[in-house]
Amino acid sequence: MSFDRLWADLAPVGRSADSGGYHRYTWAGADTDARAWFTEAAAARGLEVRTDRNGNLWAWWGTPGPGAVATGSHLDSVPDGGAFDGPLGVASALAAVDELRSRGFTPARPLVLGVFVEEEGGRFGVPCLGSRLTTGEIDPARARGLTDAAGATWERAMEQAGLDPDRIGPDPELLGWLDVFVELHVEQGRALEDTDHPVGVASAIWPHGRWRMDFTGRADHAGTTRVQDRNDPMLPFAHTILAARALAEKHDARATVAKSLITPNGTNAIPSLVSAWLDARAADEATLASVVEGVCEAAERAARDHGVTHTMAAESTTPLVEFSHDLRDRLAAIVGTRAAESAGPVPVLPTGAGHDAGVLSAHVPTAMLYVRNPTGVSHSPQEWARPEDSHAGVLALADVLQDLLAV
Ligand code: GLV
Ligand code: MN
Ligand code: MN
Ligand code: MN
């Protein structure tokens, strides 16, 4: 299957020799190389590749225009991310085109393969930025001003990539051309591994978001300042991490503090500032709000106790997504035709992971396929899909696209 060749070419792009993880950040080195790989692979298949006003790539089989069936995913990664989150959906889309052609199938309408920029928010902080811009879910002025760790703006980075940041924003014409979007993605949990199904279907995405917290204290000497005289922002920061964990447990939700910046970050200087990011997710909006409010209250209290000030602001939020029931049932039926009879119905699963499919679903009928991940681990080098399951994913995607493209 052509998937193996595609994967062999893509997998080394941006892979760390030390950890085996990936560092693909939007508009930079390995991400640019991965985009070039896609452009080349699509062009080699006779697809017309276009870059939209927001930097997302679209490879057309057939004339670009209305009535299109769309599939695709993203190529950027989290810091030291896995090989499959994003790239599996992109490589599978290309392989599905090959599979459909090998079947002698001629689409009755256009098929377009999309590659979205900054899905992980790994460089500029807002996840699904490419799809948010195209759907009008984020103010272009805000997007232009987003900065990376080195202080470079989205505007500047885009310019350096040869694109015009003045043109970013909603693209109703392009969006209007898409009749349906299907994203294939590696599973980011371990639900399928305990079944005989290599491929499942998405039901919903939990509401989730990212909040920035700043704890401002007073820098001082680590050796000479009595502990009772300190305004040490590390202490409320530590309390807040533990509170987030307790609240997540209490509400059967998720709350993670995985990124922080300590200023000035010296061993022998009490910090003046700790900036930290809360990633919170829950099955419903009310529970998510309880968790986030609880974290905020705990942070305020701990900050007060230590003579530190605390601010908290949302950087991005994503509402609950329920994928189209008609479409997910249709996908489950199609995927089920290849499942072993003893395997039972195709699993239809909710997830706590965000996707461009979730953003698009408010504008276009959207569905997702998941490919089994035997480790259940994601956003880590341990993320995995067996080759035979990736092949099953390609066949499932080709079957689904064939069905959607036939009329
Ligand atoms: C992106 O993959 C996310 O869910 O954080
Ligand atoms: Mn991800
Ligand atoms: Mn992803
Ligand atoms: Mn994601």
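Could you grab me the full set of residues in the range 47-62 that are in contact with a helix residue (DSSP H, G or I) (Cβ under 7 Å, 6 or more places away or on another chain) and not small (G, A, S)?
V49, D52, R53, N54, N56, L57, W61
Which ones in the range 99-132 are within 16 Å of ligand 4 (Cβ to nearest atom), aliphatic (A, V, I, L, M) and in a helix (DSSP H, G or I)?
Passing the criteria: only L129.
Give just the number: which of (1) under 26 Å from P319 (Cβ atoms); (2) more than 16 Å from ligand 3 (Cβ to nearest atom); (3) hydrophobic (A, V, I, L, M, F, W, C) does V126 not satisfy?
So V126 meets the others, but not (2).
Against the conditions (1) touching a Lys or Arg at 6+ places or on another chain (Cβ under 9 Å); (2) assigned to a strand (DSSP E or B); (3) touching a residue at least 60 places away in the same chain (Cβ under 8 Å); (4) within 16 Å of ligand 1 (Cβ to nearest atom), where does G354 fall short? Just the number, please.
(2)
Select from the range 69-84 the residues that are more than 17 Å from L10 (Cα to Cα) and within 14 Å of ligand 1 (Cβ to nearest atom) and list them in ascending order.
P79
In the set P165, P172, P110, which member is surrounded by fewer than 17 Cβ atoms within 10 Å (Cβ to Cβ) and either of a type in the set (D, E, K, R) or not assigned by TED's automatic domain parsing to the domain that holds D279 (or both)?
Unique residue meeting the criteria: P172.
Regarding A96, is this residue outside any strand (DSSP E or B) and over 22 Å from W27 (Cβ atoms)?
yes
Starting from the range 1-29, take each residue that is part of a helix (DSSP H, G or I) and list its partners that are charged (D, E, K, R), counting only C-beta distances under 6 angstrom and pairs at least six apart or across chains.
S2/D98
Just give me the residues in the range 83-93 being part of a loop (DSSP other than H, G, I, E, B) and either touching a Gly at 6+ places or on another chain (Cβ under 7 Å) or within 10 Å of ligand 4 (Cβ to nearest atom) (or both), in sequence order.
Once the filter is applied, which keeps residues that are part of a loop (DSSP other than H, G, I, E, B) and either touching a Gly at 6+ places or on another chain (Cβ under 7 Å) or within 10 Å of ligand 4 (Cβ to nearest atom) (or both), the range 83-93 yields D85, G86.
Inspect the range 153-162 for any residue being part of a loop (DSSP other than H, G, I, E, B), over 30 Å from A398 (Cα atoms) and either in contact (Cβ under 8 Å) with a residue 12 or more places away in the chain or not assigned by TED's automatic domain parsing to the domain that holds R50 (or both) and give the result as yes or no.
yes
What number goes with the only condition from (1) buried (at least 18 other Cβ atoms within 10 Å of the Cβ); (2) closer than 29 Å to R372 by Cα that T135 does not pass?
It fails just one condition, (2).
In the list D33, D52, D4, D80, which residue meets the criterion of being acidic (D, E) and on the phi > 0 side of the Ramachandran plot?
D80
What residue, among those in the range 203-223 that are farther than 21 Å from L129 by Cβ and in contact with a Phe, Trp or Tyr (Cβ under 7 Å, 6 or more places away or on another chain), is farthest from ligand 3 (Cβ to nearest atom)?
This residue is F215.
Just checking: which of the strands (runs of 3 or more DSSP E) contained wholly in the range 220-320 hold 2 or more residues that are in contact (Cβ under 8 Å) with a residue 60 or more places away in the chain?
Of the strands (runs of 3 or more DSSP E) lying wholly inside the range 220-320, those with at least 2 residues that are in contact (Cβ under 8 Å) with a residue 60 or more places away in the chain span 273-281, 309-318.
Could you count how many residues in the range 175-194 are buried (at least 19 other Cβ atoms within 10 Å of the Cβ) and more than 16 Å from ligand 2 (Cβ to nearest atom)?
Adding up the residues that qualify gives 6.
The values are calculated or read from the model by the stated rules, or taken from the named source; none is laboratory data. The structure presented is a predicted model; accordingly, all values stated were derived computationally and were not measured. A quick note on method: Cβ atoms are made from the backbone with ideal geometry, for glycine too, and the neighbour counts reach across all protein chains shown.
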